[in-house]
Amino acid sequence: AQKVTQAQTEISVVEKEDVTLDCVYETRDTTYYLFWYKQPPSGELVFLIRRNSFDEQNEISGRYSWNFQKSTSSFNFTITASQVVDSAVYFCALSGYTGGFKTIFGAGTRLFVKA
Amino acid sequence: NAGVTQTPKFRVLKTGQSMTLLCAQDMNHEYMYWYRQDPGMGLRLIHYSVGEGTTAKGEVPDGYNVSRLKKQNFLLGLESAAPSQTSVYFCASSPVSGRGTDTQYFGPGTRLTVL
């Protein structure tokens, strides 16, 4: 079975702090995809990143970075120098062959960034 | 390019009433999905479609039906609404990927309350 666990329900930080959102996944597939989505208070879901299982390179995009480690089945997301606009719910998701490539979402982590 | 649109944005139903949620996408995507989002549970897949005229059950299909008569539209129906179906419903679409699912693009959501 495929599963995505985001153990942190809520995180609260002060602006300019760095924060890491954890994501641990379970799958027996060798080919799979991992995603992060952002859901700001307005409610829409915004795609942030997609990573396939064959690419373990870390990725950096501005203040965002992602650390993919197959050895620990983790795909963690770090926001550097957080800003109030980063306040949102962040979802980690997994899509794999066994599930017919249907996407399984974690429960989400709500991030509060205080000014 | 409107992306993915959902109609209506809000709806209140009484138990036993029926309704249809409409999802439309103008990106010529093959795959379309219906999710529901409940507090603390992330997004759960209700039904999905891999092409015009085809539909399949997701994780939580009971109480819902879907139809994909046209490639750009994906309808979600509730035949006899129950309070347990109070939720936020998201539609998404994705293009065909050679190795499985690709990034999903989400609509703005429909907030449904069943009294």
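The values are calculated or read from the model by the stated rules, or taken from the named source; none is laboratory data. Only a predicted model underlies this, so the values are computations on that prediction, with no experimental measurement involved. All Cβ positions, even for glycine, are placed from backbone atoms using ideal geometry, and neighbour counts span all protein chains on display. For accessibility, only protein heavy atoms count, side chains too; no ligands or nucleic acids. Shrake-Rupley method; radii C 1.70, N 1.55, O 1.52, S 1.80 Å.
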Of the criteria (1) open to solvent by less than 10 Å² (accessible area, probe 1.4 Å); (2) assigned to a loop (DSSP other than H, G, I, E, B); (3) among the polar types (S, T, N, Q), which one A:Gln57 fails: (1)
Only listed residue being polar (S, T, N, Q) and touching a residue at least 60 places away in the same chain (Cβ under 8 Å), chosen from B:Ser93, B:Ser49, B:Ser67, B:Ser87: B:Ser93
The listed residue being open to solvent by 10 Å² or more (accessible area, probe 1.4 Å), within 19 Å of B:Thr103 (Cα to Cα) and more than 9 Å from chain B (Cβ to nearest Cβ), out of A:Ser73, A:Ser65, A:Ser12, A:Ser87: A:Ser65
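Among the hydrophobic types (A, V, I, L, M, F, W, C), farther than 29 Å from B:Val60 by Cβ and either open to solvent by 10 Å² or more (accessible area, probe 1.4 Å) or within 14 Å of chain B (Cβ to nearest Cβ) (or both), is that true of A:Ala115? Step through it out loud before you land on a result.
Working: among the hydrophobic types (A, V, I, L, M, F, W, C): yes; farther than 29 Å from B:Val60 by Cβ: yes; either open to solvent by 10 Å² or more (accessible area, probe 1.4 Å) or within 14 Å of chain B (Cβ to nearest Cβ) (or both): yes.
In short, yes.
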Residue within the stretch A:30-42 that is on the phi < 0 side of the Ramachandran plot, within 12 Å of the chain's Cα centre (by Cα) and either β-branched (Val, Ile, Thr) or in a loop (DSSP other than H, G, I, E, B) (or both) present: no
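Test B:Met41 against the stated conditions and say whether it is at negative phi, facing chain A (nearest Cβ under 9 Å) and surrounded by fewer than 19 Cβ atoms within 10 Å (Cβ to Cβ). Don't jump to the end; show me each part of the working.
Numbers: at negative phi: yes; facing chain A (nearest Cβ under 9 Å): yes; surrounded by fewer than 19 Cβ atoms within 10 Å (Cβ to Cβ): yes.
Against the criterion (at negative phi, facing chain A (nearest Cβ under 9 Å) and surrounded by fewer than 19 Cβ atoms within 10 Å (Cβ to Cβ)), B:Met41 qualifies.
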